[in-house]
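Working notes, structure below.
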Amino acid sequence: MFTPEQIARFSELDYIIYNYVTKHANEVVYMRIRELADAVHVSPPTILRFCKKVGCDGFSEFKTKLKLYLQQNERFFITNAQDTLAEFFERTLKTDYQQTIREAAAAIARADNVIFVGSGSSGILAEYGSRYFSAMEKFSVYIKDPFFPIYGHYFNNCVAIALSVSGETSYTLSQVHRLKEKGSTIISITNRKHCSLAKMSDYNLTYYVNTEFVEQTNVTTQIPVIYLLESLAKEMYRMLNGPLA
């Protein structure tokens, strides 16, 4: 609702209005300009100047934008974890995952280097994936620094495994682009097929679960990602060493 640039230009009176609005937003959307002015002990013209500073022509437009902002940030219904997991496994049975997993695992088995990329919750699972693959005797690393230097001779015969719920995370796309330029084979795990990361990849595994948010935080389940990572690792191990005991 308020950008950092707008907040930086606030006067002391603007901050008083801003603090009141952020604490009482659900009430402000139903107030008249005089009521808000009385609540924060300023004049109606001061409220109008504040509205213009945040990109609104008047108080009515400000209330409309505030109401839309509140609607967009309402808590979403959170799906039961058991239902989400059952839905995922039902879909995997109807999709030819195993063929893609075998092909991607074969690429990993042939690779000299395996690099995991991801940010946020996907970054946490990328780090888990690098450890899990290393435990399966395929040494892997997780790059968390978006400015990590990438030079060609370090990435000969390399596979990059990129994780992203949306498939549109700028950090992940940037890292994958750099790795792809150096000749890496790209394997991605995303929540939808039609995304930038999937299109950039040589192999894509899509898990198709409901995207969930709490306010602006993405809380989409990552259980399918763990399943797919471990399936890839075990299939790779089987190719290199025979069946697991």
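The values are calculated or read from the model by the stated rules, or taken from the named source; none is laboratory data. Predicted model only: the values in this text are computed from it and were never measured. Because the Cβ atoms are built from the backbone with ideal geometry, glycine has one as well, and the counts that use them run over all protein chains shown. Areas reflect the complete protein model, heavy atoms only, side chains present, ligands, DNA and RNA absent. Shrake-Rupley method; radii C 1.70, N 1.55, O 1.52, S 1.80 Å.
Key figures for this structure:
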item	result
Leading residue by the ranking (nearest to ALA106 (Cα to Cα)) among those in the range 133-158 that are at pLDDT 80 or above and among the polar types (S, T, N, Q)	ASN157
Condition check for ALA106: under 15 Å from LYS234 (Cα atoms), of a type in the set (Gly, Ala, Ser), touching a residue at least 24 places away in the same chain (Cβ under 8 Å) and out of contact with any Asp or Glu (no Cβ under 8 Å at 6 or more places or on another chain)	yes
Residue match in the range 84-92 (condition: open to solvent by 70 Å² or more (accessible area, probe 1.4 Å), modelled with pLDDT under 95 and closer than 20 Å to TYR203 by Cβ)	yes
Some residue of the range 165-185 being free of Cβ contacts under 8 Å to residues at least 40 places away in the same chain, acidic (Asp, Glu), open to solvent by 60 Å² or more (accessible area, probe 1.4 Å) and not in a loop (DSSP other than H, G, I, E, B)	yes
The one condition in (1) over 23 Å from LYS182 (Cα atoms); (2) modelled with pLDDT of 90 or more that PHE76 fails to fulfil	(2)
Any hit, the range 225-233, residues being over 17 Å from the mean Cα position of the chain (by Cα) and over 16 Å from ALA107 (Cβ atoms)	yes
Qualifying residues in the range 186-200 (those that are basic (Lys, Arg) and outside any helix (DSSP H, G or I)) - the one surrounded by the fewest Cβ atoms within 10 Å (Cβ to Cβ)	LYS193
Any hit, the range 31-43, residues being more than 24 Å from GLN71 (Cα to Cα), under 32 Å from the mean Cα position of the chain (by Cα) and not in a helix (DSSP H, G or I)	no
Selection within the range 97-140 - under 13 Å from CYS158 (Cα atoms) and surrounded by fewer than 16 Cβ atoms within 10 Å (Cβ to Cβ)	ALA106, ARG110, ASP112, PHE139
Count of residues meeting criterion [open to solvent by 80 Å² or more (accessible area, probe 1.4 Å), at pLDDT 80 or above and among the acidic types (Asp, Glu)] in the range 201-245	1
The range 146-164: number of residues that are buried (at least 16 other Cβ atoms within 10 Å of the Cβ) and part of a helix (DSSP H, G or I)	0
Positions within the range 5-30 being assigned to a loop (DSSP other than H, G, I, E, B) and either among the charged types (D, E, K, R) or loosely packed, with under 13 Cβ neighbours inside 10 Å (or both), in sequence order	ARG9, SER11, TYR30
